[in-house]
Amino acid sequence: MSTTVGTDLERALDAGVQRLLSLQQEEGCWVAELESNVTMTAQHIFWHEFLRIADEDTVRRCANELLARRRADGTWAIYWGGEPDLDATVEAYTALRMAGLAADDERLAAARSYIEERGGIGSSRVFTRMWLALFGLWPWEEIQAIPPELVLLRPELPLSVYSFGCWARQTLVALSIVMHYRPVRRLPEARLAREIDLGPVERPQTAWNLLDSAIRWYNGQAVQPGRARALAYAERWLVDRQELDGSWGGIQPPWVWSLIAFACRGHGPESPYLRRGIEGWRRFMVDDGDRLRPEACQSPVWDTCLAVVALRAAGMPADEPAVQKAGEWLLREEVRGRGDWAVRLPGVEPGGWAFEHDNDLYPDIDDAAVVGIALNEIGLGRPSVTRACSWIEAMQSRSGGWGAFDKDNDAYWLYEIPFVDFGAIIDPPSVDVSGHAVELLAKEPGYEDSVRRGVDYLLAKQEPNGSWFGRWGVNYVYGTGAALPALEAAGLPHDHPAMRRAVAWLESVQQEDGGFGEDCRSYDVGEEGERWHGRGEATPSQTAWALLGLIAAGEAHSDAAARAAAWLAENQREDGDWDEPYFTGTGFPRHFLINYHLYRTYWPVMALGRLKAARA
């Protein structure tokens, strides 16, 4: 298979550009579904039932969605084509029972057997057990405690809520309130999945269990000095962080648990906080005919800045109305308030962008960097880009890399806490975020030292085989596709050993038909994960990432680049888009995977555009 800078590439690029332009929203942004997994749909039923706001049609359509998402063997996975997942299967099964399916319904038989074989509810993660405890399906006493006093600990201490990543921080504060009250909402017995309760499962005993026992003892005392103050402070902490759209950071876990926490604290229908949270959630619902599912988050800023970079890479003039309109929309989304990041950086001027429509408290380095790159491409927002660059520089961690939301948020010892079994809880530096930060700062005067430290971090993080780990995308193809453009922007020569090793690795994992793909199982530890590094069904986004890396390493005229471009051209749909059912985005490695429905469009356009320019 081969291609040239000629008819095939020109046709594919032009068709991709037109398709991308057709998807722009009226206000100037791009945004498409952020698809996750059935736990979001199951939990939608759970929290609506708990707050007593569930309606028959919503529950029925969510149940249809759950049934439609079953694997062929009757279980559920957490990404398209994935292996059975116990937590997802327990939650989907329980939600369907709440929706009215009987315990002996043949559509649940295989899932029930799978759950029983693996130990029942007791073997599931703590989040799953907490959802079920809300309805008396699991004893609160069996779940590790989270004391609300945690929110009172000062940020400079080794342990405080600010030791956790922002997504975990907000969720834990809400959960600490819920776990104090340990509420139970009684539902009709016929709708409760008691048949999958096979009792507690023995878990490893560590030193943390002694602390957990002490907290449990304290929780059981009639007199709890300081508990009332902690609960009131935690409630106010959540109130202060609710966005105007009703969300908490624009993401599902802290949002829905905060609503439950408010209900525990006595907030009813008249509460502006509860009402705003419930109403705001409605625009996160994806109406799919007779099926209904929620998004865990929405990605308009991320989608828009990458679409702008892609269109400019494809040769669209900077003054084209579509990209100018997008740039103006991005400028209106700049974050100018102080969020939790400022607790440890009080003297730093706010700047940057968040991922979501409404998130004024949690800007992130990834969005800030790529928005800065996009605005520079179209000559807009110089003051905003300058503020973003200064903020990004201040957020650089001691290692030289950047996390997503916080600086030096790398307390790995927190994973020893028994409660933590549900995904990432800290926000350490990652190669992909650091690569985007370097890519922006390398083109800006005055950031030479920050760029040097960032480059040193990237070089130190290269794997022995030449690839880089991808934290926010699947996986080594994503990390490598982010690191190489950053190193090129920083002036690393194409013959640098790091560049050569990376190219060799990309060539080694390119598939016979020219495409690139990587399975989500590449995040697994050990030999099982290693065999999936750079391996999996080829996808448009992952092929584009590899092609972007090859171009940045000076390989635009190589056979590998030609074959990758040919794959993209030959797998393009007639409407200029690509099909991509596979999940190539990452929330938490191996715990929460994402299918960004625009990744299949703007990444290939960006890669083909850069290839055309590099070969010209």
Exactly one of S160, S213 is more than 24 Å from G423 (Cβ to Cβ), outside the structural domain of P363 (by TED's automatic domain parsing) and polar (S, T, N, Q), and that one is S213
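Give the residue that is surrounded by the fewest Cβ atoms within 10 Å (Cβ to Cβ), with candidates limited to residues of the range 344-395 that are acidic (D, E) and more than 22 Å from W248 (Cβ to Cβ). Give the derivation first.
Pass one, the range 344-395, residues acidic (D, E): 349, 356, 358, 360, 364, 366-367, 377, 393.
Next, from what is left, pick out any that are more than 22 Å from W248 (Cβ to Cβ): 349, 377, 393.
Working: E349: 12, E377: 18, E393: 20.
By that ranking, first place goes to E349.
Could you check how many residues of the range 58-91 are in contact with a Pro (Cβ under 8 Å, 6 or more places away or on another chain) and either crowded, with 22+ Cβ neighbours inside 10 Å or not aromatic (F, W, Y) (or both)?
Filtering the range 58-91 for residues in contact with a Pro (Cβ under 8 Å, 6 or more places away or on another chain) gives 71, 73, 75-77, 80-81.
Keeping just the survivors that are either crowded, with 22+ Cβ neighbours inside 10 Å or not aromatic (F, W, Y) (or both) gives 71, 73, 75-77, 81.
Within the range 58-91, residues that are in contact with a Pro (Cβ under 8 Å, 6 or more places away or on another chain) and either crowded, with 22+ Cβ neighbours inside 10 Å or not aromatic (F, W, Y) (or both) number 6.
Determine which member of the set F135, F127 is in a helix (DSSP H, G or I), out of contact with any helix residue (DSSP H, G or I) (no Cβ under 7 Å at 6 or more places or on another chain) and touching a residue at least 24 places away in the same chain (Cβ under 8 Å). Let's see the steps before the verdict.
Values: F135 fails: in a helix (DSSP H, G or I).
The unique qualifying residue is F127.
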Can you tell me which of A54, A103 is more than 23 Å from W208 (Cβ to Cβ), surrounded by fewer than 23 Cβ atoms within 10 Å (Cβ to Cβ) and free of Cβ contacts under 8 Å to residues at least 12 places away in the same chain?
A54
For the range 396-404, state whether one or more residues are crowded, with 21+ Cβ neighbours inside 10 Å and either over 15 Å from G435 (Cβ atoms) or outside the structural domain of E334 (by TED's automatic domain parsing) (or both).
no
Count of the range 532-559 residues which are farther than 24 Å from C520 by Cβ, surrounded by fewer than 23 Cβ atoms within 10 Å (Cβ to Cβ) and among the aliphatic types (A, V, I, L, M):
1
Could you please tell me which pairs satisfy a Cβ distance under 7 Å, a separation of 6+ or placement on different chains, a first residue in the range 474-495 that is in contact (Cβ under 8 Å) with a residue 60 or more places away in the chain and assigned by TED's automatic domain parsing to the domain that holds G534, and a second residue that is among the basic types (K, R) and surrounded by 24 or more Cβ atoms within 10 Å (Cβ to Cβ)?
none
If we scan the range 366-380, do we find a residue that is closer than 30 Å to A214 by Cβ, in contact (Cβ under 8 Å) with a residue 24 or more places away in the chain and in contact with a strand residue (DSSP E or B) (Cβ under 6 Å, 6 or more places away or on another chain)?
no
Odd one out for F422 among (1) closer than 30 Å to R169 by Cβ; (2) outside any loop (DSSP other than H, G, I, E, B)
(2)
Within the range 62-86, how many residues turn out to be more than 20 Å from G280 (Cβ to Cβ) and either among the acidic types (D, E) or assigned to a helix (DSSP H, G or I) (or both)?
10
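Looking at the range 209-229, which of its residues are part of a helix (DSSP H, G or I), at pLDDT 85 or above and either more than 11 Å from H180 (Cα to Cα) or among the acidic types (D, E) (or both)?
Here is the first cut: in the range 209-229, the ones part of a helix (DSSP H, G or I) are 209-219, 227-229.
With the extra rule that they be at pLDDT 85 or above, the set shrinks to 227-229.
Correct list: R229 only.
So, in the range 106-124, exactly how many residues are assigned to a loop (DSSP other than H, G, I, E, B), more than 20 Å from H44 (Cα to Cα) and in contact (Cβ under 8 Å) with a residue 12 or more places away in the chain?
Number of matching residues: 3.
Residue under question is F46, and the condition is that it be in the same structural domain as A109 (by TED's automatic domain parsing), farther than 23 Å from R521 by Cβ and under 23 Å from the mean Cα position of the chain (by Cα); does it hold? Walk me through it before giving the result.
Numbers: in the same structural domain as A109 (by TED's automatic domain parsing): yes; farther than 23 Å from R521 by Cβ: yes; under 23 Å from the mean Cα position of the chain (by Cα): yes.
Yes: the conditions hold for F46.
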If L548 passes every condition in (1) among the hydrophobic types (A, V, I, L, M, F, W, C); (2) closer than 23 Å to W302 by Cβ; (3) in contact with a Ser or Thr (Cβ under 9 Å, 6 or more places away or on another chain) but one, which one does it miss?
(3)
Search result, residues across the range 487-521 that are touching a Pro at 6+ places or on another chain (Cβ under 9 Å) and farther than 30 Å from L441 by Cα:
G515, C520
Only one residue in V173, V201 is part of a loop (DSSP other than H, G, I, E, B), in contact with a helix residue (DSSP H, G or I) (Cβ under 8 Å, 6 or more places away or on another chain) and at negative phi, so which one is that?
V201
Quickly run through the range 282-297 and pick out the residues that are among the acidic types (D, E) and surrounded by fewer than 13 Cβ atoms within 10 Å (Cβ to Cβ).
D287, D290
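Within the range 233-266, restricting attention to residues that are without any contact (Cβ under 8 Å) to a residue 40 or more places away in the chain and surrounded by 21 or more Cβ atoms within 10 Å (Cβ to Cβ), which residue is nearest to the chain's Cα centre (by Cα)? Give the steps one after another, and end with the answer.
Taking the range 233-266 and keeping what is without any contact (Cβ under 8 Å) to a residue 40 or more places away in the chain, we get 236, 239-240, 242, 246, 255, 262, 266.
Now drop any that are not surrounded by 21 or more Cβ atoms within 10 Å (Cβ to Cβ), which leaves 242, 246, 255, 262.
Working: Q242: 20, G246: 20, W255: 15, F262: 25 Å.
So the residue we want is W255.
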Select from the range 568-591 the residues that are crowded, with 24+ Cβ neighbours inside 10 Å and hydrophobic (A, V, I, L, M, F, W, C) and list them in ascending order.
L568, F583
So if I check each of E528, E518, which one is without any contact (Cβ under 8 Å) to a residue 12 or more places away in the chain and not basic (K, R)?
E528
By residue number, the members of the range 473-488 that are among the small types (G, A, S) and either over 26 Å from the mean Cα position of the chain (by Cα) or not in a helix (DSSP H, G or I) (or both) are G473
Select from the range 272-298 the residues that are of a type outside the set (A, V, I, L, M, F, W, C) and touching a Gly at 6+ places or on another chain (Cβ under 9 Å) and write down the one among them that is nearest to S22 (Cα to Cα).
Q298
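The values are calculated or read from the model by the stated rules, or taken from the named source; none is laboratory data. The structure displayed is predicted, hence computed values, not measured ones. Cβ sites come from the backbone with ideal geometry, for glycine too, and all protein chains shown count toward neighbours.
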